[in-house]
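Novice: My structure is below; once you've seen it, I'll send some questions.
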Amino acid sequence: MQVELSKIAKQTLREEIEFLETTWSNKEIVAFLHDIKRVSAVLKEGHFKRYPIYSRDIRSALIGKKHVRMFFRMENPHTIRVLLFFDMRQDPQKIIDLLA
């Protein structure tokens, strides 16, 4: 199984890291990135259904200190696409806008 990041996922991950650099230590940021790699590894092993359903075909996992959510969906039997990284302390309506 292959895990790919969408254009929006790359952008929101970059923005999230930039924000975290102002509030977290390097050690915490490294742990955050490690969590992303851990979830990606689980997805690569084909354990997509391990994660809770957000909507009909989108699932998500909590990352870092459990306030950033990684949204993803299965594109085909061989590819999972990461759609978005979202700080859950923001307005939830933004999720719908970003995923649209």
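Novice: Of K37/K94; K27/K94; K49/K94; K7/K65; K7/K37, which sit over 21 Å apart, Cα to Cα? The partial results should precede the final answer.
Specialist: Working: K37/K94 25 Å; K27/K94 29 Å; K49/K94 25 Å; K7/K65 24 Å; K7/K37 18 Å.
Beyond 21 Å: K37/K94; K27/K94; K49/K94; K7/K65.
Novice: Same structure again: Would you tally the net charge around D57, using a Cβ to Cβ cut-off of less than 15 Å, leaving D57 out, and scoring K and R as +1, D and E as -1? Please report the intermediate quantities before stating the final value.
Specialist: Details: positive: K49, R56, R59, R73, R81; negative: E75.
Once all neighbours under 15 Å are counted, the net charge is +4.
Novice: Further question: How much length, in nm to one decimal, is gained on full extension between K44 and Q2, taken as 0.36 nm per residue of separation minus their Cα-Cα distance? Walk me through the numbers on the way to the answer.
Specialist: Numbers: separation 42, 0.36 × 42 = 15.12 nm, distance 0.58 nm.
Contour length minus Cα-Cα distance gives 14.5 nm.
Novice: Now for a different question. If Lys and Arg each add +1 and Asp and Glu each add -1, what is the summed charge of the other residues whose beta carbon sits under 12 Å from the beta carbon of F86?
Specialist: Working: positive: R69, R89, K94; negative: E15, E16, D87, D91, D97.
Here the count lands on -2.
Novice: When ligands, DNA and RNA are left out and all protein chains stay put, how many square angstrom of accessible area per residue does the chain have with a 1.4 Å probe? Don't skip to the answer; put the middle values down first.
Specialist: Details: 6270 Å² over 100 residues.
Averaged over the residues of the chain, the accessible area is 63 Å².
Novice: Note the angle between two axes, namely the Cα long axis of helix 7-23 and the longest principal axis of the Cα atoms of the chain, as a number of degrees from 0 to 90, rounded to the nearest 10.
Specialist: Compared with the principal axis, the helix lies near 30 degrees.
Novice: Here's a follow-up. Net charge near K27, counting Lys/Arg +1 and Asp/Glu -1 over other residues with Cβ under 15 Å of its Cβ?
Specialist: Details: positive: K65; negative: E21, E28, D35.
Local charge sum for K27: -2.
Novice: Going by alpha carbons, how many degrees (0 to 90, nearest 10) lie between the helix axis of 26-44 and the longest principal axis of the chain?
Specialist: Orientation of helix 26-44: about 0 degrees from the principal axis.
Novice: Right, something else. Using only helices, what value at 222 nm comes out for the chain when you add -39,500 (n - 2.57) per DSSP H run of length 4 or more and divide by the total residues, to the nearest 500 deg cm²/dmol?
Specialist: Values: 3 runs with 43 residues, N = 100.
So the helix-based figure for the chain works out to -14000 deg cm²/dmol.
Novice: Given a cut-off of under 8 Å on Cα pairs at least six residues apart, what relative contact order in percent is computed for the chain?
Specialist: RCO, the chain: 34 percent.
Novice: Can you spot the lysines whose alpha carbon is less than 19 Å from K44's alpha carbon? Ignore those fewer than 8 places along the same chain.
Specialist: K10
The values are calculated or read from the model by the stated rules, or taken from the named source; none is laboratory data. In this text, all values refer to a predicted model and were calculated from it rather than measured experimentally. Cβ atoms come from the backbone with ideal geometry, glycine included; neighbour counts cover every protein chain shown. Quick note on the areas: whole protein, heavy atoms, side chains included, nothing else; ligands and nucleic acids left out. Shrake-Rupley method; radii C 1.70, N 1.55, O 1.52, S 1.80 Å.
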